[in-house]
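**Q** Got a structure for you, questions after.
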Amino acid sequence: MFLAIKEMLHEKLRYSLIVALIFLVSYLLIILTGLATGLANLNKAAINEWDASSIVLNSDSEGRLQQSFLSQDEVASLPNNGTRISQYSTLVKSENGLKENAQLVALDSKSFIFKKLKITSGSKNIRNNAGVVSDKFKSDGFKIGDYLLVANSSLRIKITGFTPRATLSALPVVYISPDTIQSLNKGVTNAVVFKNTLNNSKIPKGTNQLSIGSFINKLPGYSAQQLTFNFMIGFLYIIILIVISIFLYILTVQKLPNLGVLKAQGVSTQYLVLSTLFQSFIMSVIGVIIAIILGEITAITLPSEVPIVIDKSNIIVTGIGIIIMSLLGALIPIRQIAKVDPYKIIGG
Amino acid sequence: MSNLIFDSVTKIFGEGSSKYVALENINFEAESGQLILVVGPSGSGKTTFLTIAGGLQTPTNGDVKINDSTINSLSKKQQTKLRLEKIGFVLQSYNLVPFLTVEEQFKFVDKLKSQNLTEQKMHELLSDLGLLELLKKYPNQLSGGQKQRVAIARALYTDPDYILADEPTAALDTDRSMKVIELLRDLAHKRNKIIIVVTHDLRLKDMADKVYQIIDGKMTILEK
Ligand SMILES: Nc1ncnc2c1ncn2[C@@H]1O[C@H](COP(=O)(O)OP(=O)(O)OP(=O)(O)O)[C@@H](O)[C@H]1O
Ligand SMILES: [Mg+2]
């Protein structure tokens, strides 16, 4: 690709400008995808940790845990390998004044969800008003043995362990026992979570089974948020496609006479087309690499309250996406190259 | 010995009422070691003739033969390859790749085609053309005459059987035009090439071995 490289080195300014544009858009894309993933995680991380496949809620709850109340009969008629969940959102304070909005989630210590929970420090114990809490509490200054004072109640929960990735609807989770939550919600079960999908005949009247995926989509605000991000991300891909097309088109039109003469001199169309594709590829790779590096640096330097997650799959998807867009962007210029008739150039 | 033959070549553009006969029943023959001039007024069909000779256009009727094989029935790809290997084009402008130095123009040819002039022959050619001091320069740092000389060297570098030149002197003053034509004549004689130069500059005709004239698409040989 002698011609392609020589041209880029000779016309550094032009090609750097295109690289800069690709970089800026890729950077924005990486940050946006990072934020989308980060916010999605904040909403659903705890549910992912459960590793379940379905959830049974009250039919009138519209898939919302907080609005779902199951009667004792309904719960009793469901298979008993499910995990009964009671949920209560509230403000908790430590004795030395730290505050946190939290989701209290009660479940049986023999349930499959509780057995699955990972612990980063402390022990996995929720007996006698003890709680296993999200490690967000740890980063906010809470320690093992601290008491969480539940607002508007006399309940005191002792922190026995920290568990990773435990956020639900953007709030950290406090796992407690059904006995502990009794005083707050009179022991109501909000939902029953299953590791497998239940046969429809096993779902009692008045209740509704949702897959975990659609349950997540119905989390308050979740779908709207993800849709907004996906819209912006999709738009950026279109913008980069148009920008690259325009730039390459202008560059190609400027050098059409030269390309025509090269064809007359026996340079194949294929060589010229590959040359343009190669340039497009190189520019997008450079732009994307700089964007990834700066994106990572941004993610590290941003305060931890900003929920940005730049993981491998994000980087791979964005990188490949941009490179594909830049190759597509070369299609119009390639048509120009294929069409240029050396005779027209020579004939004047 | 190579040769180039036009056998009753006609080129018609358009159809019906917009039909235009650009070349009419052309018979033409050139052999190695000749500098041939094709002269004629503007719009007479000179460029059309040259592009058909180089396989850039196909004749409507008749055959073009290079070394006794017909080129107008070749595929586009084969014609491109033929141009790379057997034909050197020298045009009025755009001959050189703007972002390559003089030296790199030749290196680029090396990337496309393996058998080119040996280093020694190349050195000889460059010194004949007075280009040895210009190797590191870009085309926009050269004068018109220098550019044209580089274009000629580039065309010769692949050691083609033919050089087809369309108004190679149009950008040059009379003195320099004479020099370029002299150079082409020497190349035809010394290196045994077929060199066809299209021009409307009649002052150049004394330098040629044969002069053809095209008027309104009809070709005649001019007696000297
Ligand atoms: N693609 C085309 N379609 C229709 N007519 C054409 C086409 N190409 C050339 N012609 C016509 O054919 C005639 C010969 O054109 P050509 O370019 O060969 O002239 P020329 O002798 O090279 O002229 P000049 O000295 O001005 O370069 C002109 O009248 C031109 O209008
Ligand atoms: Mg012409």
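**Q** Please work out how much accessible surface A:ARG335 shows to a 1.4 Å probe, ignoring ligands, DNA and RNA, in Å² rounded to 10.
**A** A:ARG335 has an accessible surface of roughly 150 Å² with all protein chains in place.
**Q** Go through A:THR301, A:THR228, A:THR252, B:THR70 and list them by solvent-accessible area, largest first, probe radius 1.4 Å.
**A** Correct descending sequence by accessible area is A:THR301, A:THR228, B:THR70, A:THR252.
**Q** Cross-link list A:LYS339/B:LYS193; B:LYS113/B:LYS147; A:LYS143/A:LYS186; A:LYS263/B:LYS11; A:LYS195/A:LYS312: which exceed 24 angstrom alpha carbon to alpha carbon?
**A** On the way: A:LYS339/B:LYS193 32 Å; B:LYS113/B:LYS147 22 Å; A:LYS143/A:LYS186 29 Å; A:LYS263/B:LYS11 22 Å; A:LYS195/A:LYS312 28 Å.
Violating the 24 Å limit, Cα to Cα: A:LYS339/B:LYS193; A:LYS143/A:LYS186; A:LYS195/A:LYS312.
**Q** Still on this structure, I have one more. Write down the accessible area per residue of chain A in Å², having rolled a 1.4 Å probe over the full set of protein chains.
**A** Values: 16500 Å² over 348 residues.
Counting only protein heavy atoms, the per-residue value for chain A is 47 Å².
**Q** Under a cut-off of 20 Å between alpha-carbon atoms, report the aspartates and glutamates in cross-link reach of A:LYS115, not counting same-chain residues fewer than 8 places apart.
**A** Counting by Cα, and skipping residues close in sequence, A:LYS115 has these aspartates and glutamates nearby: A:GLU49, A:ASP51, A:ASP135, A:ASP179.
**Q** Kindly provide the Kirkwood hydrodynamic radius of region A:185-287 in Å, to one decimal, from all pairs of distinct alpha carbon atoms.
**A** When all Cα pairs of region A:185-287 are included, the Kirkwood radius is 19.9 Å.
**Q** What is the percent carbon and sulfur in the accessible area of region A:201-330, measuring with a 1.4 Å probe over the protein chains and ignoring ligands?
**A** The nonpolar share, carbon plus sulfur, comes to 75 percent.
**Q** Let me ask something additional. Taking each pair of different alpha-carbon atoms in region B:7-126 once, compute 1/r for the pair, average those values, and report the inverse of that mean as the Kirkwood hydrodynamic radius in Å to one decimal. Don't skip to the answer; put the middle values down first.
**A** On the way: mean 1/r = 0.0594 Å⁻¹.
Over region B:7-126, the inverse of the mean reciprocal pair distance is 16.8 Å.
**Q** Choose one of A:GLY221, A:ILE159, A:LEU256: the residue whose Cα lies farthest towards the positive end of the charge dipole of the protein assembly as shown (beta-carbon charges +1 Lys, Arg; -1 Asp, Glu; about the Cα centre).
**A** A:ILE159
**Q** Solvent-accessible area of A:TYR237, probe 1.4 Å, all protein chains present, reported in Å² to the nearest ten, please.
**A** Approximately 40 Å² for this residue.
**Q** Here's something else I'd like to know. For a quick check: with amide H placed at 1.01 Å from N, whose amide H comes under 5 Å from A:PHE69's, ignoring anything fewer than 5 positions away on the same chain?
**A** Those qualifying (amide H under 5 Å, at least 5 residues apart or on another chain) are A:ASN58.
**Q** Which order do you get for A:TYR15, A:TYR271, B:TYR20, B:TYR138 if you rank them by accessible area with a 1.4 Å probe, largest at the top?
**A** Greatest to least solvent exposure: B:TYR20, B:TYR138, A:TYR271, A:TYR15.
**Q** What is the percent of Cα-Cα separations in chain B that go past 25 Å?
**A** Distances greater than 25 Å cover 38 percent of the Cα pairs.
**Q** While we're looking at this one, here's another question. When the distances between all Cα atoms of region A:210-348 are binned every 10 Å from zero, what whole-number percent does each bin get?
**A** With 10 Å bins starting at 0, P(r) equals 10, 28, 25, 17, 11, 6, 2, 0.
**Q** So what's the net charge close to A:TYR271: Lys and Arg +1, Asp and Glu -1, counting the other residues with Cβ under 11 Å from its Cβ?
**A** Values: positive: A:LYS263, B:LYS111; negative: none.
After counting each charged neighbour, the total is +2.
**Q** Mind checking which lysines have their Cα closer than 23 Å to the Cα of A:LYS12? Skip sequence neighbours fewer than 8 apart in that chain.
**A** Correct list for A:LYS12: A:LYS255, B:LYS107, B:LYS111, B:LYS136, B:LYS137.
**Q** Working out 0.36 nm times the residue gap between A:ILE293 and A:LEU149, then minus their Cα-Cα distance, what length gain in nm do you get to one decimal? Mind showing how you got there, number by number?
**A** Working: separation 144, 0.36 × 144 = 51.84 nm, distance 4.32 nm.
Result: 47.5 nm gained on full extension.
**Q** Go ahead and run the numbers for FRET between B:GLN120 and B:SER8, Cβ-Cβ distance against an R0 of 51 Å, rounding to 0.05.
**A** So the FRET efficiency works out to roughly 0.75.
**Q** Quick one: divide the alpha-carbon radius of gyration of chain A by 2.2 N^0.38 Å and tell me what you get. All intermediate terms of the calculation are to be shown ahead of the outcome.
**A** On the way: Rg = 28.6 Å, N = 348, 2.2 N^0.38 = 20.3 Å.
Output field value: 1.41.
**Q** Within region B:88-139, report the chymotrypsin sites (Phe, Trp or Tyr not before Pro) that DSSP leaves as loop and that have at most 11 other Cβ atoms within 10 Å.
**A** Within region B:88-139, no chymotrypsin sites (Phe, Trp or Tyr not before Pro) qualify (loop, at most 11 other Cβ atoms within 10 Å).
**Q** Along region A:7-14, what does the Karplus equation 6.51 cos²θ - 1.76 cosθ + 1.60 (θ = phi - 60°) give for ³J(HN,Hα), rounded to whole Hz, x for Gly and Pro?
**A** Result, ordered by residue: 5, 5, 5, 6, 9, 4, 4, 4 Hz.
**Q** Right, here's the next one. Using 7 Å Cα-to-Cβ label points, what is the B:LYS136/A:LEU13 separation (nm, one decimal)?
**A** Label at B:LYS136, label at A:LEU13, 2.3 nm between them.
**Q** Rounded, prolate or oblate: pick one for region B:136-183, where a ≥ b ≥ c are the square roots of the eigenvalues of its C-alpha gyration tensor, a/c under 1.5 means rounded, and failing that, prolate if a/b is larger than b/c, else oblate. The partial results should precede the final answer.
**A** Numbers: a/c = 2.15, a/b = 1.11, b/c = 1.93.
Since a/c reaches 1.5 but b/c is at least a/b, the shape of region B:136-183 is classed as oblate.
**Q** Based on the alpha carbon coordinates of region B:25-83, what radius of gyration and maximum Cα-Cα distance (Dmax) apply, in Å?
**A** So, for region B:25-83, Rg and Dmax equal 12.1, 33 Å respectively.
**Q** Which value, in debye to the nearest 20, describes the size of the charge dipole of chain A about its Cα centre when Lys and Arg Cβ atoms bear +1, Asp and Glu Cβ atoms bear -1, and nothing else is charged?
**A** 360
**Q** Follow-up. Among the trypsin sites (Lys or Arg not before Pro) within region B:13-92, which fall in a DSSP loop and have no more than 12 other Cβ atoms within 10 Å of their own Cβ?
**A** B:LYS19
**Q** What ranking of A:PHE231, A:PHE137 comes out by heavy-atom accessible area, probe 1.4 Å, highest first?
**A** Ranked from most to least accessible, the order is A:PHE231, A:PHE137.
**Q** Within a 10 angstrom radius of each residue's Cβ in A:255-265, how many Cβ atoms of other chains show up on average? Whole number is fine.
**A** 6
**Q** Quick check: convex hull of the Cα atoms in region A:47-218, volume per residue, rounded to a whole Å³?
**A** Given the Cα convex hull of region A:47-218, per-residue volume reads 102 Å³.
**Q** What 222 nm value per residue comes from the helices of chain B, counting each DSSP H run with n ≥ 4 as -39,500 (n - 2.57) and dividing by all residues, nearest 500 deg cm²/dmol? Can you show the working numbers first?
**A** Numbers: 6 runs with 72 residues, N = 224.
That comes out to -10000 deg cm²/dmol.
The values are calculated or read from the model by the stated rules, or taken from the named source; none is laboratory data. On a predicted model such as this, the values are computed, not experimentally measured, just so you know. Cβ: placed from backbone, ideal geometry, glycine included. Neighbour counts: every protein chain shown. The accessibility values were calculated without ligands, DNA or RNA, using every heavy atom of the protein model including side chains. Shrake-Rupley method; radii C 1.70, N 1.55, O 1.52, S 1.80 Å.
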